[in-house]
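A.B. asks: Here's a structure for you.
Where a number appears in this text, it was derived from the coordinates with a stated rule and is not lab data. Worth saying up front: this structure is predicted, and the values here are computed from it rather than measured. Please note: Cβ atoms are built from the backbone with ideal geometry, for glycine as well, and neighbour counts cover all protein chains shown.
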Amino acid sequence: MFGKSEIIWLREVDSTNRFALENFDAFEHGTMIAAPHQSAGRGSKGRVWFSPPDVNVYASLILKGFDFTAPQAAWIGSLAVLEVLCNYAPRLDFSVKWPNDVLCGMKKIAGILCETTPGSRGIVIGAGINVNMDRKMLDSIGRPATSLYAETGALVDDVGAIAVEMRQEALNLYELACREGIDALHRIWSHENALMGKEISIRLHDGTVISGMAVDCTNDGALLLVGLADSQVYTITNGEILMPLKELNSSITQ
Ligand code: BTN
């Protein structure tokens, strides 16, 4: 139905992830759906992803024919975004943060949301990247957030080019994982993970809060935390990090 376009640019959509999932079978592996605006952008944990027009990247990449889990696919998305941002602003300090964020310093600059359709072998990797948002827009998010423009003071002329580069980086990482195994991706992602070696608190879905040191990430995407109170190793598959990011820097315990 949609032909073989590598990137399908929509003028406007509610959510590029929703659109990609609903039309999953009509697209080939490697197709990206991108739009300059989303009227109902989806964030993780059921949140809304703030998607104002013409300033950011909103893009969803369709990957087919593999059995990666959603957290593993999120490594592809976050590392692809990290690579592109490093190319655009090599002097800035970018990192990834478990489970699905890309940070600049201690502020979130991009988020990844991976979703699957029941019964299909494949996944949609959605990425929202804050590119030309100004400080006023960023402050309206109500969480520590930043954009390329806020960090560099220079507007990016062609926001769409970032989506094009991200697609290529993601396909390269996908091929690396198919060729060398998921461990190769896991190693790169763990190396870039801002939480490693830091003391953090996490609220689990049942409301329990665990404080501990993030020591590793399993190769199926769980965070390993050594509890401060009991030295027990906790395997966290889902949870919300409570400690304000600005405090992460000063909490390194060696
Ligand atoms: C997060 O909460 O960190 C994940 C945000 C993911 C947002 C992107 S924007 C493109 C794609 N379409 C959506 O509706 N969400 C993802």
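A.B. asks: Of 144, 57, 111, whose Cα points farthest to the positive end of the dipole of region 1-157 (charges on the beta-carbon: +1 Lys, Arg; -1 Asp, Glu; origin at the Cα centre)?
C.D. replies: 144
A.B. asks: Calculated from DSSP H runs of 4 or more alone, at -39500 (n - 2.57) each and per residue, what is the 222 nm mean residue ellipticity of the chain, nearest 500? List each step's numbers first, then the result.
C.D. replies: Details: 6 runs with 69 residues, N = 254.
After summing the helix terms and dividing by the residues of the chain, the value is -8500 deg cm²/dmol.
A.B. asks: Right, here's the next one. Under 11 Å from the Cβ of residue 143, count the other residues' Cβ atoms, weight Lys and Arg +1, Asp and Glu -1, and hand me the total.
C.D. replies: Taking every Cβ under 11 Å from that of residue 143, the sum is +1.
A.B. asks: Something else: So how compact is region 122-254: Cα radius of gyration and Dmax in angstrom?
C.D. replies: 17.8, 52
A.B. asks: Net charge around residue 40, counting only other residues with Cβ within less than 10 Å of its Cβ (Lys, Arg = +1; Asp, Glu = -1)?
C.D. replies: +1
A.B. asks: Please report the spacing between the Cα centers of region 141-162 and region 25-60 in Å, no decimals.
C.D. replies: 16
A.B. asks: Let me ask something else about it. For a quick check: sort 49, 75, 189, 9 by the number of other beta carbons within 10 angstrom, fewest at the front.
C.D. replies: Starting with the residue having the fewest Cβ neighbours, the order is 9, 49, 189, 75.
A.B. asks: Restricting the calculation to Cα positions, tell me the Rg (one decimal) and the Dmax (whole number) of the chain in Å.
C.D. replies: Gyration radius and largest Cα-Cα distance of the chain: 17.7, 57 Å.
A.B. asks: Taking the beta-carbon count within 10 Å as an exposure proxy, list 125, 202, 33 from fewest neighbours to most. Don't skip to the answer; put the middle values down first.
C.D. replies: Details: 125 31, 202 22, 33 28.
Starting with the residue having the fewest Cβ neighbours, the order is 202, 33, 125.
A.B. asks: Could I ask something else about it? List the equivalent ellipsoid semi-axes of region 137-199 in whole Å, largest first, each obtained as the square root of 5λ for an eigenvalue λ of the Cα gyration tensor.
C.D. replies: Three semi-axes, in Å: 28, 21, 9.
A.B. asks: Oh, and also: Taking every pair of alpha-carbon atoms in region 1-89, what share in percent sits in each 10 Å bin, from 0 to the bin with the longest distance?
C.D. replies: Binned Cα distances yield the sequence 16, 45, 37, 3.
A.B. asks: Could you compute the longest span of the chain free of trypsin sites (Lys or Arg not before Pro) located in DSSP loops and having at most 15 other Cβ atoms within 10 Å, not counting the site residues?
C.D. replies: Within the chain, the longest run free of exposed trypsin sites (Lys or Arg not before Pro) spans 122-254.
A.B. asks: Could you estimate the translational diffusion coefficient of region 85-145 from the Stokes-Einstein equation, with Rh from the Kirkwood formula over C-alpha pairs, at 10 °C and 1.306 mPa s, in whole µm²/s?
C.D. replies: 120
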